[in-house]
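Q: There's a structure below that I have some questions on.
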Amino acid sequence: MSAPEHSLPPGFGSLEPFVSAWALEGADNRLRARLASREADRVAFFEAAKDLLPRGLDYLDRKPLAEHSDQDKRLMRLLLGMAHVALAVEIQGDDEPRHAEGARHMTITRAPSDD
Amino acid sequence: MSMPSPQFLEPKSHDPAHLGTDPVPAGPYYREDYFALEREAIFKRSWLQVGHVCELPEPGTFVVRTIEAAGASILITRGRDGVIRAFHNVCTHRGTQLVAETGGKQSSFTCRYHAWTFGSDGALRGAPDLERFYIEAKDCGLIKIAIDQCAGLLFVNLDREPKQSLRAFLGPLAAELEMLPVAKATTFSEYVYEIDANWKLTYDNFQENYHLQFIHPRSGKAAGGPENPFGYPTRYGFHGPHRTQTIWTNPKPAIMPIQGFAFGKGLPFIAADGFAQAPHNRTYFALFPNFFLIGTPTQHFSHSVIPICASKSRGVIRLYWIGDDRIASQRFAREYAMATALDIHSEDRAVIEAGQRGLSSGALSHIHFQSQEVLCRHFFHSVDSAVQAYKAERAGSART
């Protein structure tokens, strides 16, 4: 299912195509998405998001988390997804498929971002 | 090829010579009979780390923990008086496991079998038709388990009369633990895994750096450098059955752009909490029998390796945090820190299981530890000392 056209705050429209795959609720779901993903999709998201990450966090930092709008929350989840994908693309690189075999046995049972 | 001299092991005040250099018997890493002895000698009578006070933030909160090696389910409560208590999760009527949930908030616990109801202080509050019994309610409270805390970490001891207090057990390490962020933690990230491997074999993996460049070629890149390719620690410490290592600080770690960005996003919060230059930032604690805690404030994780049987274990890793996420940058930094630690821990699983398959074949009578695997050697000695002492005690009581 594709995301609505303006599901993210103004200025982050270029990330809309990645919302449905990566802006997931729950840290374990974000890990699972990374581990189930194809390399081309990981790289496409990483390349699109890496330069917007600092600006995205600066934008979201202007308000306490509790005051975030739905658009803000979606951007937050997308950037949290980037935390996982950055590890796959930037650190693991072409070793990610082998790495993912072990990581599939880990389950995130709690994270502050789940609250 | 010339290798740098082993300048990273200079234990001066804690000479490990008493641990010897002989090969270590392989049997304890897979034999059922040895594990049966460990259950009695260690898990039914040692202080075991089971949680953190932040899991019981207010009266009425509770958690349930399973300790398979002791065959025990433990109910830990915070009573109306604010006191944290631990009990066997067992109804005192006919032994039914009392609480099925793993945690929550409630002021009383009712057994589903015959509706005996206990308070969070363990007292029997009521039981249907109690007058037909031949006992009094005051004698039917839940069975208490010794519980104490250090640095917010909760420890239980299943010995009905523990031989030493938690503080005596931890010795000087107690004061060091109290100086770590965990002592002020209010929340945590957690991930878990199960592994087909003995608890000691699993635990050993996480107290030697010899394997880092082979098993973590990407995620562990920052751990080693030209002057210390294996990333060996700068110091080892031996403290009774516990041990510590001081992590080497790589002067020129290979850091990737987003990795450095995420690390930088977390630092202001670490500094605001007062832990940017804390005294034990580089200490990795290994508390007997099965608990690790790393002092690093940016990735302040604990790791419990919980035995299920001789060749199966469960790992629980937590990154402890002070305060809820304040703003998006902190949330991002915490998520990245957790995912980084998870990446590294997940890479060890397959090779540990391969080690277990090899050992369980019985092909080897002994295994070998080099000088930089001295913590593994010390661990084996600590476990085996407890097992041998238990055997001697049992032989003594059989004679009398």
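The values are calculated or read from the model by the stated rules, or taken from the named source; none is laboratory data. Remember, it's a predicted structure, so these values are computed and weren't measured experimentally. With ideal geometry, Cβ positions are generated from the backbone for all residues, glycine too; neighbour counts draw on all protein chains shown.
Q: Taking the residues in region B:62-112 that are within 16 Å of B:G152 (Cα to Cα) and without any contact (Cβ under 8 Å) to a residue 60 or more places away in the chain as candidates, determine which candidate is surrounded by the fewest Cβ atoms within 10 Å (Cβ to Cβ). Break it down into steps so the answer makes sense when it comes.
A: To start, the set of residues in region B:62-112 that are within 16 Å of B:G152 (Cα to Cα) comprises B:62-63, B:76-78, B:82-86.
Adding the requirement that they be without any contact (Cβ under 8 Å) to a residue 60 or more places away in the chain leaves B:62-63, B:77-78, B:82-83.
On the way: B:F62: 25, B:V63: 21, B:T77: 28, B:R78: 21, B:G82: 9, B:V83: 12.
Here the residue is B:G82.
Per-residue answers, yes or no, for (1) closer than 19 Å to B:A333 by Cβ; (2) more than 9 Å from chain B (Cβ to nearest Cβ):
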| position | (1), (2) |
| --- | --- |
| A:A23 | yes, yes |
| A:L57 | yes, no |
| A:M82 | yes, no |
| A:D95 | no, no |
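Q: Continuing with this model, one more query. Restricting attention to region B:258-277, does a residue exist that is under 23 Å from the mean Cα position of the chain (by Cα), surrounded by 16 or more Cβ atoms within 10 Å (Cβ to Cβ) and either among the aliphatic types (A, V, I, L, M) or within 25 Å of B:A174 (Cα to Cα) (or both)? Reasoning before the result, please.
A: First, the residues of region B:258-277 that are under 23 Å from the mean Cα position of the chain (by Cα): B:275.
Checking which are surrounded by 16 or more Cβ atoms within 10 Å (Cβ to Cβ) leaves us with B:275.
Filter once more, keeping what is either among the aliphatic types (A, V, I, L, M) or within 25 Å of B:A174 (Cα to Cα) (or both): B:275.
The answer is yes, given that some residue of region B:258-277 is under 23 Å from the mean Cα position of the chain (by Cα), surrounded by 16 or more Cβ atoms within 10 Å (Cβ to Cβ) and either among the aliphatic types (A, V, I, L, M) or within 25 Å of B:A174 (Cα to Cα) (or both).
Q: Is there a residue being more than 30 Å from B:I42 (Cα to Cα), in a helix (DSSP H, G or I) and either within 14 Å of chain A (Cβ to nearest Cβ) or free of Cβ contacts under 8 Å to residues at least 24 places away in the same chain (or both) anywhere in region B:205-212? Break it down stepwise before answering.
A: Quick first cut of region B:205-212, residues more than 30 Å from B:I42 (Cα to Cα) only: none.
So far as region B:205-212 goes, no, none of its residues is more than 30 Å from B:I42 (Cα to Cα), in a helix (DSSP H, G or I) and either within 14 Å of chain A (Cβ to nearest Cβ) or free of Cβ contacts under 8 Å to residues at least 24 places away in the same chain (or both).
Q: Surrounded by 17 or more Cβ atoms within 10 Å (Cβ to Cβ), in contact with a His (Cβ under 6 Å, 6 or more places away or on another chain) and at pLDDT 95 or above - does that describe any residue in region B:207-216?
A: There is no residue in region B:207-216 that is surrounded by 17 or more Cβ atoms within 10 Å (Cβ to Cβ), in contact with a His (Cβ under 6 Å, 6 or more places away or on another chain) and at pLDDT 95 or above.
Listed here are the residues, each with its yes/no results for (1) outside the structural domain of B:G103 (by TED's automatic domain parsing); (2) closer than 15 Å to B:D148 by Cα; (3) assigned to a strand (DSSP E or B).
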{"residue": "B:F35", "(1), (2), (3)": "yes, no, no"}
{"residue": "B:R39", "(1), (2), (3)": "yes, no, no"}
{"residue": "B:G51", "(1), (2), (3)": "no, yes, yes"}
{"residue": "B:P57", "(1), (2), (3)": "no, no, no"}
